Structure formats: C-alpha cells, structure tokens
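J.: Here it is, the structure in full.
The values are calculated or read from the model by the stated rules, or taken from the named source; none is laboratory data. No experiment lies behind these values; they were computed from the predicted model shown. Cβ placement follows ideal geometry from the backbone for every residue including glycine, while neighbour counts extend to all protein chains displayed. The accessibility values were calculated without ligands, DNA or RNA, using every heavy atom of the protein model including side chains. Shrake-Rupley method; radii C 1.70, N 1.55, O 1.52, S 1.80 Å.
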Amino acid sequence: MRDQPRLPLLSRIPDWAWVSLDTVVALLLAAGFLGLVHTRNSAPPDALDFTVALATSLPVAVRRLWPRPVFVIVLAGGLGMREFLIPQADPFGLPLVLYTLATRSRAVPPLLVAVAVTAQGVVEFPLRGQVLDQLGLVLAIVVAAWTTGTAVRQRRLYTEQLAAKAEERARAEAARERLRIARELHDVIGHSLSTIAVQAGVERHVGDAGEMSRALASIERTSRSALRETRRLLGVLREDGPADLAPAPGLGDLDDLLARTRAAGLEVELRLDGEVRGEMELTVYRIVQESLTNVLKHAGARKATVLIERRQEELVVEITDDGGNARERPHGHGLTGLRERVRMFGGEFEAGVRTVRGFRVRARLPL
C-alpha cells in the first residue's frame, strides 16, 4: 500500500504553534532592547524609552496575524530607538516583519520605506569607512529579508497554480473518460437491445416453430455478445483486482454484427476494401454498429449497404439504406457520439437524407 501524500512539514504546524514561537522571539527582542536602553542611553531612560523599546519588539508576536499594522508599529518604534541602537537602526525586528509582509503581498513600497528609514538612521556626515560598512550591513539585512519573503510568496503562488492546473486537468480527464464510457455503453447496449427488440417484435407474429427457434437463437447470441462487451467496459473500471478484459471489437467482428442484423430482418451488403489497425478499428466498428442500429429502429428499410474503403490517405466508411422514414430519423446521442469519435482522429462526419431514398452516414478518417 502506497503512502498517502502529506503536506510539507512546515505546513503541518498549527497556527497557534507559530504564534507561540513568535511570542518567544518577541520577548527575547524586548529583553535585548530593554538592556540597550539601560546600557547605551547617555541619559537615564524614561517611560518613553521603555515604551518605544517594547513597541518595537512585542508586536513581533502577532506579525503573522496582522503583518501590515505590525510593520508600521515596528517601523515607528525603530525611529524612536535610534539613540541607543548599534548601529542606529533596528537590525532585528524591522527585517523580520518586512519579511512577513513580503510573504503575504507585494511589498515594494514597504521595502523602500524601510530602506529610507534604515539609511537615515545610519548615515552620518562626513561618510567614513565605518559608516559605509554599517550602512551596507543594515541595508543588506533589510533587502535580504524582503527578497526572501518575496521568494517564499512567489513559491507559494506557483505551487497553488500548479495544484489548480492539476485539478483542472484531472476534472477534464474524468469528463473525457465519462464521455468515452457513455459512448461505449450506448453503442453496446443500444445496438443489442434494439436488435433484440426488433427480433422479438417480429417473431411474436410468426407461428412457425423453426422460425421461432432461429429468432431465439439469434437473440441469445446478441445477448451474449452484449454481455461480453459490457464486462469488458466494467472490467476497465475495476480497481480491486484483475479485470476480465475481452478484446475490443474490430473489423473481424463485422461478420457477427451483420449476422445479428440480418437475423433481425434487415438485408445487409458489406463492401470491404482495405484494412485498418489500432484504435481506428474500434471506431469503424462503432460507426457501422450505430448506423445499422438506427436503420433497424427508425428507417423501416429492407436493405442497407456498408462500404469501408481506403482512398489514398483516408478511410471512407459509408452506410446507406433504402428506408422510407429518413426525414423522421432523430439525431440523438448515437450520431453525436459518432461525430465525436471521428473528430478525435481529425476526420469528417456527416449524416442525412439521401437524394433519392433512404439515409446515409458517411465518415472520412485520415490515415
């Protein structure tokens, strides 16, 4: 049994755990900043100094919940701590909240503001080597925090887009598979039941025992053929074990198909010139099967002709009949399914009333 896919480790950590971790970080920053208030301030610290130090550090605990307000508060607090920070800019809290903000949205304006505030807190004129080193260090920290946050955000968006596209492809594949199964079931069950219904309806009025026996034998063969193909389709859908996969019908099965159709009372002539292999063979079989089914059900015809012929770079499949009910022939799911099958091969399909009498189905399949 294969392991089920799991989310990445960091994604499985609950929100409360992240907030707890951020709270610990905020308390450490607060302790460090309060220590700087006592050791680096030339004058005795007052309430404002303590307030600024705590405002710069404690909001880090909720940076994931309200990233934008926390960024503004920490930015303002960092301005108030200039006199005792070394260098005179916040190298810890401000980059951290800028990183968080960049992971949630495009944070180019906050980056520019953070760079400007950091630079003015470090720059002293005249510019000397130590000042330039400090400026480069704090700007590198700020830019690195923003770059990392932006990369994380883009990675998340990319992963979400991939997941959405994969889900869309899965839905499209499932829809195509449902359509394919629906076509197969329609062709198999529709043809077999139509043939059985015609035979049963005709032989009900025949009193001859021999004719009745032949009709029942034909119904039995048709039923068994339908059962085999239905098992083949159901076997493809099975997931709990090996399937009983019968081979898909092809041109070699046309004789049985025509025999069942003739047993139903329709005279059928087959003109076969050329061979075809692969998936197209099943499509040709289904075209003939569905067309003859429609002739039996709707045409009131006595004779039908099936032509399968290779012509240069294409295969022509044509079924005509001499029925008198051509104008009443419905264009249902069967002909729609045939048109879809032909289009899958880049072919052309047409079905309509003949000029003289009857109905014609014609498909042209490129080879």
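J.: Of all residues being of a type in the set (Val, Ile, Thr) and at pLDDT 85 or above in the stretch 333-354, which is farthest from Ile319 (Cα to Cα)? Just the residue, please.
T.: Val342
J.: Out of Arg82, Arg12, Arg64, which single residue is out of contact with any His (no Cβ under 6 Å at 6 or more places or on another chain), open to solvent by 60 Å² or more (accessible area, probe 1.4 Å) and modelled with pLDDT of 80 or more?
T.: After applying the criteria, what remains is Arg64.
J.: Related question: Which condition from (1) farther than 21 Å from Arg221 by Cα; (2) touching a helix residue (DSSP H, G or I) at 6+ places or on another chain (Cβ under 6 Å); (3) among the small types (Gly, Ala, Ser) is the one that Ala264 breaks?
T.: The single condition Ala264 does not satisfy is (1).
J.: If you don't mind, another one. Among the residues of the stretch 285-306, is any modelled with pLDDT of 80 or more, within 32 Å of the chain's Cα centre (by Cα), among the β-branched types (Val, Ile, Thr) and within 17 Å of Leu338 (Cα to Cα)?
T.: The answer is yes, given that some residue of the stretch 285-306 is modelled with pLDDT of 80 or more, within 32 Å of the chain's Cα centre (by Cα), among the β-branched types (Val, Ile, Thr) and within 17 Å of Leu338 (Cα to Cα).
J.: Of these, Ala116, Ala53, Ala17, which one is assigned to a helix (DSSP H, G or I), touching a helix residue (DSSP H, G or I) at 6+ places or on another chain (Cβ under 9 Å) and at pLDDT 80 or above?
T.: Residue meeting the stated conditions: Ala53.
J.: Residue check: is Leu157 in a helix (DSSP H, G or I), open to solvent by less than 80 Å² (accessible area, probe 1.4 Å), in contact (Cβ under 8 Å) with a residue 12 or more places away in the chain and out of contact with any helix residue (DSSP H, G or I) (no Cβ under 6 Å at 6 or more places or on another chain)?
T.: Answer is no for this residue.
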